[in-house]
Every structure is written in structure tokens, then in C-alpha cells.
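The values are calculated or read from the model by the stated rules, or taken from the named source; none is laboratory data. All figures in this text were calculated on a predicted structure; none of them were measured in a lab. Cβ coordinates were reconstructed from backbone atoms using ideal geometry, including for glycine residues, and neighbour counts include every protein chain displayed. Heavy atoms of the whole protein, side chains included, go into the accessibility calculation; ligands, DNA and RNA do not. Shrake-Rupley method; radii C 1.70, N 1.55, O 1.52, S 1.80 Å.
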Amino acid sequence: MLDKNVAALLNQQVNKEFYSAYLYLDFSNYYYDQGLEGFGNWYKVQAQEERDHAMLFIQYLQNNGERVVLDAIEKPNVAMTSPKTVLEEGLKHENYVTSLIHAIYDAAYSCKDFRTMQFLDWFVKEQGEEETNADNLIKKYSLFGEDPRSLYMLDSELGSRVYTAPSLVL
Ligand code: FEO
């Protein structure tokens, strides 16, 4: 049995991860519409990863005998005013998700729930990688985004990203 507060936070995270998938799909659609198919592909793959994160939280709750309750997924409401602002919103969102993961970790730590802490270790690391990826995209866009030829090459590079299943297996 999980602590009530920890279980509630884990359940809430299911919704947050599905929202992340929804948000990144929205980003992806924006980029496709702008003719930046590589960026669109990059965020479509990211949306798949976020869905995987949601499924991992579901699996973990079920492995611990918890009934998972699904909530409505919020409509993405990020203003997409330019290709670069979308990237900045992506980093902002990852920072927010990191804070959520840390809050669950903190709750697990305070009730000596070592199992949940171990489960969350993977997400702590994953968040570090995702923040770095989001930050790198902004840096690359700052360097190459204003020159059409460089942007074309950057877009081609991002178009080669392929989906891989998460390394965490529960
Ligand atoms: Fe599931 Fe990008 O955090």
C-alpha cells in the first residue's frame, strides 16, 4: 500500500504526462503547419515519449494495487508566436515537470517510501536529459534559425529523430 498523498501525486502525474504529450503534439502540428517538418517530427516523437511516461506511472500504481483514476486532459494553451518561442515554452514546460517529479520524490522521501523513490530515480534522470535537449534546441535555433539554409539543415537533422521505447521496464 502506498501512502495516500504519494499515491494521489503519482495519479496526478499520469494526467500531467498525458498533458505533456498533448502539448507536444500541438507543438508538432504547429511546426508541420510552418513547413518545418523536422521540428514537427522531433516533437511528435517527444509526444510519444510523454505518453510512455504516463503509462509507466499507470503501471507503477497498478503494481502497487492502486486504482488509477483518469482526469480530463487540459487543452494546450501555449501561445505559439514563432518557432523559437515554442522551443522556449518547451523548456519552460520541462522545468515545470521536473518540479512536479521532485515534489513527488519529496513526498515519498518524507514517508520513507524507498520503492517510490527508486521508481522516480529514472524520471529524475530523464528530466535532466529532457531539460538539456530543450535547452540545446533553443541554442541551435539561436545559432542557425535566422539563416534559411542553416535552418533547412537543422530541420533535416531533427527529422531524423526516431522513437524508441523507454529504457525503464516495470
Ligand atoms: Fe515526461 Fe518531458 O517529461
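Only protein heavy atoms count here; under a 1.4 Å probe, I101 has an accessible surface of about 0 Å².
Which is farthest toward the positive dipole end of the chain among G145, A134, A8, measuring Cα position about the Cα centre, with Cβ charges +1 (Lys, Arg) and -1 (Asp, Glu)? Looking along the dipole axis, the top candidate is A8.
Counting only C-alpha contacts under 8 Å and six or more residues apart, can you give the relative contact order of the chain as a whole percent? The value is 31 percent. Helix 37-63 axis versus longest C-alpha principal axis of the chain: approximately 0°, rounded to the nearest ten. Residue pairs exceeding 25 angstrom between C-alpha atoms, taken from K16/K92; K4/K112; K4/K92; K92/K112; K4/K44: K4/K92; K92/K112; K4/K44. Taking a ≥ b ≥ c as the square roots of the eigenvalues of the Cα gyration tensor of region 17-99, is the shape rounded (a/c under 1.5), prolate (a/b larger than b/c) or oblate? Prolate, because a/c is 1.5 or more and a/b exceeds b/c. Considering only F123, F144, F18, the mean-square fluctuation computed in a Gaussian network model of the chain, springs between alpha carbons under 10 angstrom, is largest for F144.
Computed over protein heavy atoms with a 1.4 angstrom probe, the accessible surface ordering of D52, D33, largest first, is D33, D52.
Solvent exposure of L143, expressed as accessible area, is near 130 Å², computed with a probe of 1.4 Å over the protein chains only. What does the C-alpha gyration tensor say about the overall shape of the chain? Classify as rounded when a/c is under 1.5, otherwise prolate if a/b is larger than b/c, or oblate. It is prolate, given that a/c is not under 1.5 and a/b is the larger ratio.
For region 1-50, what log10 I(q)/I(0) values come out of the Debye formula at q = 0.15, 0.19, 0.21, 0.25 1/Å, with one point per alpha carbon and no solvent? Rounded to two decimals, the profile gives -0.47, -0.60, -0.66, -0.79. Largest first, the residues E66, E17, E126, E37 sort by 1.4 Å accessible area into E37, E66, E126, E17.
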